[in-house]
Amino acid sequence: MNNSIDRPVTQTTRAVTDSLADVLERVLDKGIVIAGDIKIQLADIDLINIKIRLLVTSVDKAREIGLDWWEQDSFLSSRAKKLELEEKNKKLNTRIANLEKKLLKKPKP
């Protein structure tokens with residue numbers, strides 16, 4: 001008796017899992033946008049206005065539509081961190097070279 005009860009539950013669970021996997025695959029392939037606005041007013045004066053936009057998609061699809069902010073964020077990407085450090089180093093070297101030139105041009109007392 002226990003066996004007959006378990007079988008339909010297992011098939012239902014498998015069907016739900018399969019359909020959930022299908023939905024997730026479609027969402028990641030196509031992408032989905034969720035948008036919402038929160039506005040708090042007092043006597044027709046906006047106190048807070050928050051606009052929320054959420055894009056759920058795969059990394060490949062995001063790159064395809066031109067979204068790759070995580071690759072330029074030095075907190076998230078070691079390559080971006082290296083580029084940021086190289087840029088800072090370049091600016092510091094330029095400042096040092098300019099200061100050295102100024103020191104060399106000053107007449108000695």
Q.
With θ taken as phi - 60° and the coefficients 6.51, -1.76 and 1.60, list the Karplus ³J(HN,Hα) couplings across the range 52-58 in order, rounded to whole Hz; mark glycine and proline as x.
A. 10, 10, 10, 10, 10, 7, 7
Q) Tell me, what HN-Hα J-couplings in whole Hz come from the Karplus equation 6.51 cos²θ - 1.76 cosθ + 1.60 at θ = phi - 60° for each residue of the range 71-84, using x for Gly and Pro? A) 7, 9, 7, 5, 6, 9, 10, 5, 5, 5, 4, 5, 4, 5
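Taking the Cα centre of the range 24-109 as origin and charging only Cβ (+1 Lys, Arg; -1 Asp, Glu), how large is the dipole, in debye to the nearest 20? Please list the in-between numbers first.
On the way: 19 positive and 14 negative charges, 227 e Å.
Approximately 1100 debye in magnitude.
Compute the length gained on full extension between LEU55 and LYS81: take 0.36 nm times their separation in residues and subtract their Cα-Cα distance, giving the result in nm to one decimal. All intermediate terms of the calculation are to be shown ahead of the outcome.
Values: separation 26, 0.36 × 26 = 9.36 nm, distance 2.50 nm.
Extending this stretch completely gives an extra 6.9 nm.
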Q. Using modelled amide H (1.01 Å from N, peptide plane; none on Pro or chain starts), what sits under 5 Å from the amide H of SER77, excluding residues fewer than 5 places away?
A. none
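Please compute the net charge surrounding VAL56, taking Lys and Arg as +1 and Asp and Glu as -1 over other residues with Cβ under 13 Å from its Cβ. Each step should come with its number before you reach the end.
Values: positive: ARG26, LYS30, ARG53, LYS61; negative: GLU25, ASP29.
After counting each charged neighbour, the total is +2.
Values quoted throughout were computed directly from the atomic coordinates according to the rules given, and no laboratory measurement underlies them. Because the structure is a prediction, the values reported are computed rather than measured. All Cβ positions, glycine included, derive from the backbone under ideal geometry; neighbour counts span all protein chains shown.
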